[in-house]
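So the structure is just underneath, and the comments pick up after that.
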Amino acid sequence: MPHTLLLVSDPERRRTLADALRAAGREPLVVESPEAAAEALAAADLEGLFLDLSLPALDLAALREALAPGRPVAPDSLDDVERRHIHLVLRHTGGNRRQAARLLGISRSTLHNKLRRYGIEQA
């Protein structure tokens, strides 16, 4: 039976959507990270896809390529690339913002402004 891939950051919303899909006779394939979603896209027989596009680590260009291989993919905006890179650096530093700012070559106040701008709460 084909699955519906479900990747949603909020655990309560993820649970609610999974329950609704099951009630509709569908079998959700619930994943908790963009990396797991990428693996599932490559391996699973999918009939549907629910994604939380606000996830900081979600690579939208790679997602578009996975969903429509061979079609030209427009590059991500600079904001999307910067948001994703900041998230990755914060994850690399274990959430240490001082160290992340140093690695990014920006001041802590600039990093805090960017975190607020991109809605990044924590890494």
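Here are the numbers for this structure:
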{"item": "Efficiency of FRET from Cβ geometry, Glu82 and Glu47, R₀ 35 Å, rounded to 0.05", "result": "0.55"}
{"item": "Amide H within-cut-off set for Ser9, under 5 Å, with H built and near neighbours excluded", "result": "Asp52"}
{"item": "Rounded FRET efficiency, nearest 0.05, which uses the C-beta distance separating Arg116 from Glu27 and R0 of 41 Å", "result": "0.55"}
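Every number here is computed from the coordinates shown, using simple stated rules; none is lab data. Keep in mind the model is a prediction, meaning the values are calculated, not measured. Glycine also receives a Cβ, built like all others from the backbone with ideal geometry; neighbour counts cover every protein chain displayed.
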